[in-house]
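Before any comments, here is the structure.
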Amino acid sequence: MSQEELTSESVERASGMPTFGLGTWENEDPEACAESVRTALDMGYRHIDTAQAYGNEDSVGDGIEQADLDREEFFLATKVWTENLAHDDVIDSTHESLDKLGVDSVDLLYIHWPQNTYEPEETLPAFEELVDEGLIDHIGVSNFEPEHLDEAREILDEPIFANQVEMNPLLPQEELREYCDEHDIELVAYSPLARGKVFDVDEISEVAEKHDASEAQVSLAWLREKGVTVIPKATSEEHIRDNWESLHLDLDDEDVETIDGIDTVERQVDPDDSPW
């Protein structure tokens with residue numbers, strides 16, 4: 001498949017969500033952020049992920065506008081920050097997010113962390129109201145462990161569409177993958193390159209050399225083999241393209257076994273008040 005043939009239609013989809021997207025965490029420079037979003041969408045990406053806490057929803061919106069795609073042509077997700085999870089704050093802050101993004105609705109709205117003002121009985125009904133109003137299509141959660149998912153599923157009438165968590169070859173998340181598979185919840189991997197640590201893992205470098213690929217491409221292909229959606233952050237056209245071209249890479253069983261055999265387990269995102 002040539003680069004020209006590698007389009008959104010060739011990206012596997014899970015429940016309507018493109019399984020390859022652009023993450024924008026720490027993409028804080030307004031012009032650089034907008035340009036990275038435009039570049040990705042022009043290249044063929046059809047999934048853009050942002051958050052209130054990233055401080056770049058307006059820049060993401062600028063990039064979307066510059067790409068000049070119809071709204072239905074791409075999947076857009078954002079997250080409600082932990083300070084805004086009281087019922088009315090969920091509603092108000094989501095309206096603000098939509099204004100910044102320059103859209104009438106988002107495909108997926110996440111609870112960013114089950115922390116701070118998160119009260120399941122107050123927060124979750126607000127998300128359902130947003131679905132009823134047509135402002136969001138799907139309810140997502142982020143950084144939820146199985147016990148948080150159990151609690152949320154008991155309260156919600158709407159299904160939980162996705163759980164976004166750190167996942168990469170150094171944090172394979174077997175328990176969460178099994179849980180999400182069992183309950184039809186999409187798993188979305190942030191920090192899929194372990195914040196650059198995958199470049200220093202011998203097993204990944206071995207597979208990369210075998211396929212004449214980058215360690216980033218190998219890690220993203222491994223996650224794809226696990227049925228996980230990936231949203232690697234990238235700002236330069238070179239890195240945006242390198243990640244995108246991971247879709248050309250097919251790992252064999254031996255490659256997957258090699259990466260599965262990595263004996264290092266290491267979180268890159270582990271705040272003191274984390275829910276695990």
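The values are calculated or read from the model by the stated rules, or taken from the named source; none is laboratory data. Remember, it's a predicted structure, so these values are computed and weren't measured experimentally. Cβ coordinates were reconstructed from backbone atoms using ideal geometry, including for glycine residues, and neighbour counts include every protein chain displayed. Calculation scope for accessible area: heavy atoms of the full protein, side chains included, ligands and nucleic acids excluded. Shrake-Rupley method; radii C 1.70, N 1.55, O 1.52, S 1.80 Å.
Largest mean-square fluctuation among Glu203, Glu129, Glu238, in a Gaussian network model of the chain whose springs join Cα atoms under 10 Å apart, belongs to Glu238.
In a simple Cβ point-charge model (Lys, Arg +1; Asp, Glu -1; nothing else charged), the stretch 26-83 has a dipole of about 260 debye relative to its Cα centre.
Surface analysis of the stretch 85-206 yields an accessible area of 42 Å² per residue, using protein heavy atoms and a 1.4 Å probe.
Each of Cys180, Val131, Met167 was scored by the projection of its Cα onto the charge dipole of the chain, and the greatest displacement toward the positive side belongs to Met167; charges sit on the C-beta of Lys, Arg, Asp and Glu. Relative to the Cα centre, the charge distribution of the stretch 195-268, modelled as +1 at Lys and Arg Cβ and -1 at Asp and Glu Cβ, gives a dipole magnitude of about 620 debye.
Spin-label model, Glu266 to Glu174: label points 7 Å out along the Cα-to-beta-carbon direction sit 2.0 nm apart. Every Cα-Cα pair in the stretch 137-185 was counted, and those over 17 Å apart are 28% of them. Of all DSSP beta bridges located in the chain, what percent are antiparallel, nearest 5? Antiparallel bridges make up about 10 percent of those DSSP assigns within the chain.
Of the beta bridges in the stretch 14-163, as assigned by DSSP with both residues counted there, near 5 percent are antiparallel. Ranking Asp252, Asp272, Asp99, Asp107 by solvent-accessible area of protein heavy atoms (1.4 Å probe, all protein chains present), from largest to smallest, gives Asp272, Asp99, Asp252, Asp107. Normalised radius of gyration (Cα atoms, divided by 2.2 N^0.38 Å) for the stretch 31-102: 1.12. Only the Cβ atoms of Lys and Arg (+1) and of Asp and Glu (-1) were treated as charged; on that basis the dipole of the chain about its Cα centre amounts to roughly 460 debye. Of the GluC sites (Glu not before Pro) found in the stretch 143-186, no site is in coil according to DSSP while having at most 14 other Cβ atoms within 10 Å of its Cβ. Straight-line cross-link partners of Lys226 among the lysines, defined as a Cα under 27 Å from its Cα and at least 8 positions apart when in the same chain: Lys79, Lys197, Lys210.
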